[in-house]
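First comes the structure, then the notes that go with it.
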Amino acid sequence: MLARMTSEPEQQIGVGTQDAFQRLWTPHRMAYIQGENKPSGPGAEDGCPFCTIPAKSDEDGLVIARGEHVYAVLNLYPYNGGHLMSVPYRHVADYTKLDRAETLELAEFTKRAMTTLRAASGAHGFNVGLNQGAVAGAGIAAHLHQHVVPRWGGDTNFMPVVGQTKVLPQLLADTRKMLADAWPQ
């Protein structure tokens, strides 16, 4: 049976001190926090999701486009709607270890991602970057991936600033289809 929907906040009597805050529960984030689907080690055979995604259908893997050396995929835990990554097929951790063809296609896919996001969602700007190593913030340090995060004027509001919560207006499957359809060939 479905719970009754109400606009009133749920009160938890006897739990902590009552305050003026409402809570937005996001239990699905526990998968990320607890490291679900993170590799168990540095090798490609250690459960690297970037090595397993290419074997999936585009829809199941959230793949936007595939190249010869690189593919574009939505981030499963996006900072903003449309947050995607350019990922080499080869399991390599360090940018300096890419060969020339991989480097060129990674750069080209990043340009295409920006073009696509501007056309499909009207992005005003971008955060583009590589986190090299766990100490630099790489969630999956063993497999290089370049982030392309679309930004819009005023996209930082009270939710992330005060509530430490990001509101995403579109499901990942719908975002994947929109961007895949708009990807320049």
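The values are calculated or read from the model by the stated rules, or taken from the named source; none is laboratory data. Quick caveat: nothing in here was measured; it's all calculated off a predicted structure. Using ideal geometry, Cβ is built from the backbone for each residue, glycine included, and neighbour counts are taken over all protein chains shown. Quick note on the areas: whole protein, heavy atoms, side chains included, nothing else; ligands and nucleic acids left out. Shrake-Rupley method; radii C 1.70, N 1.55, O 1.52, S 1.80 Å.
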> At a Förster radius of 41 Å, what calculated FRET efficiency corresponds to the Cβ-Cβ distance of residue 152 and residue 100, to the nearest 0.05?
Replying inline: 0.75
>> So with the 1.4 Å probe, I'd like the accessible area per residue for the range 56-168, rounded to whole Å².
In response: 50
> Whose amide H sits under 5 Å from the amide H of residue 65, counting only residues 5 or more places off or on another chain, with H placed in the peptide plane?
Replying inline: 72
>> Using Cα-Cα distances under 8 Å and only pairs 6 or more residues apart, what relative contact order does the range 53-185 have, in percent?
In response: 30
> Quick one: Karplus J couplings for the range 97-114, per residue in order, coefficients 6.51, -1.76, 1.60, θ = phi - 60°, nearest Hz, x for Gly and Pro?
Replying inline: 8, 5, 7, 4, 5, 5, 4, 5, 6, 4, 5, 5, 5, 5, 4, 5, 4, 5
> How do 80-89, 118-127 rank on mean C-beta neighbours within 10 Å, highest first?
Replying inline: 80-89, 118-127
> How high is the relative contact order of the range 65-131, given as a whole-number percent (alpha carbon pairs under 8 Å, six or more residues apart)?
Replying inline: 28
> Roughly how many Å is it from the Cα centre of the range 70-105 to that of the range 119-144, as a whole number?
Replying inline: 9
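Could you please state how large a percent of the accessible area of the range 79-153 is carbon and sulfur, counting protein chains only and using a 1.4 Å probe?
Working: 1940 of 3510 Å².
Carbon with sulfur: 55 percent of the solvent-accessible area.
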